[in-house]
1. Select from region 47-106 the residues that are of a type in the set (Ser, Thr, Tyr) and out of contact with any Lys or Arg (no Cβ under 9 Å at 6 or more places or on another chain) and write down the one among them that is nearest to Val152 (Cα to Cα).
2. Mind telling me which of the residues Ser133, Ser169, Ser149 ends up being modelled with pLDDT under 90 and within 15 Å of the ligand (Cβ to nearest atom)?
3. Under 7 Å between Cβ atoms, which residue pairs at least 6 apart in sequence (or on different chains) link something in region 146-158 that is in a helix (DSSP H, G or I) with a partner that is among the polar types (S, T, N, Q)?
4. Check every one of the strands (runs of 3 or more DSSP E) wholly within region 1-117 and list those with 3 or more residues that are within 13 Å of the ligand (Cβ to nearest atom) and either under 23 Å from Asp160 (Cα atoms) or open to solvent by less than 30 Å² (accessible area, probe 1.4 Å) (or both).
5. Name every residue in region 152-166 that is crowded, with 17+ Cβ neighbours inside 10 Å and either at pLDDT below 95 or more than 9 Å from the ligand (Cβ to nearest atom) (or both), in order of residue number.
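The values are calculated or read from the model by the stated rules, or taken from the named source; none is laboratory data. It should be emphasised that the depicted structure is a prediction, and the values quoted were computed from it without experimental measurement. Counting neighbours? That spans all protein chains shown, and the Cβs are built from the backbone with ideal geometry, glycine included. Calculation scope for accessible area: heavy atoms of the full protein, side chains included, ligands and nucleic acids excluded. Shrake-Rupley method; radii C 1.70, N 1.55, O 1.52, S 1.80 Å.
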Amino acid sequence: SGDALLGIINDVLDFSKMEAGMLKIETADVDLLSALNDSIDLMQERATAKGLQLHLELADQLPAHCRSDGLRIRQILLNLLSNAVKFTETGSVTLAAARENDVLVLRIIDTGIGITPEQHAKIFNPFEQGDNSTTRRFGGTGLGLAITSRIVQLMGGRIDVESTPGSGSCFEVRLPFQPTQWAPAASVQ
Ligand code: ADP
């Protein structure tokens, strides 16, 4: 109950910041591999409790570090992963990360209830949930995807979803990739 309440408070706080134009994006060196691994670790208990497989797929050319906002990348991943686990009863949830030229591509793929084209049109809007029974059945505020898509947009990226109702969904986040600028050893004091 404490976790659920904290989740709601954080959503409302972020949403208020977003409305006030105060949601800020930082740029710093990000340990991308840790962000991906930590997100999976944090979801493992919930996935196991539901009997779901949780996979992490890292493309060969994925760099371990980049310049971005590590906190926001984790927030995006946790939001999409927790939705994927929440809306999947059997099967698996996969987090796949790759780099395509100047773009970091993060895909969260599940074998859950899926999203109808009608739901697709509104789930990125604040307070919108797939259908009226969602809060009762799954909990949540309907703010997560609105906040996530705003963060992705502020980071210069985009978010899309492809889904087959009854079979599963794939949320794809594309973020501009900036390589880490390693300082030459001589300049480190
Ligand atoms: P919440 O999860 O609090 O309901 P979100 O904004 O995160 O709010 O999601 C909005 C709605 O989008 C959900 O209520 C659900 O109907 C739908 N949705 C999000 N992710 C998934 C998913 N992986 N599978 C099926 N439906 C989803």
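1. Filtering region 47-106 for residues that are of a type in the set (Ser, Thr, Tyr) and out of contact with any Lys or Arg (no Cβ under 9 Å at 6 or more places or on another chain), the one nearest to Val152 (Cα to Cα) comes out as Ser68.
2. Ser133
3. From region 146-158, the pairs are Ala146/Asn125; Thr148/Asn79; Ile151/Gln75.
4. Per the criteria, 92-100, 103-110.
5. Val152, Met155, Gly157, Ile159
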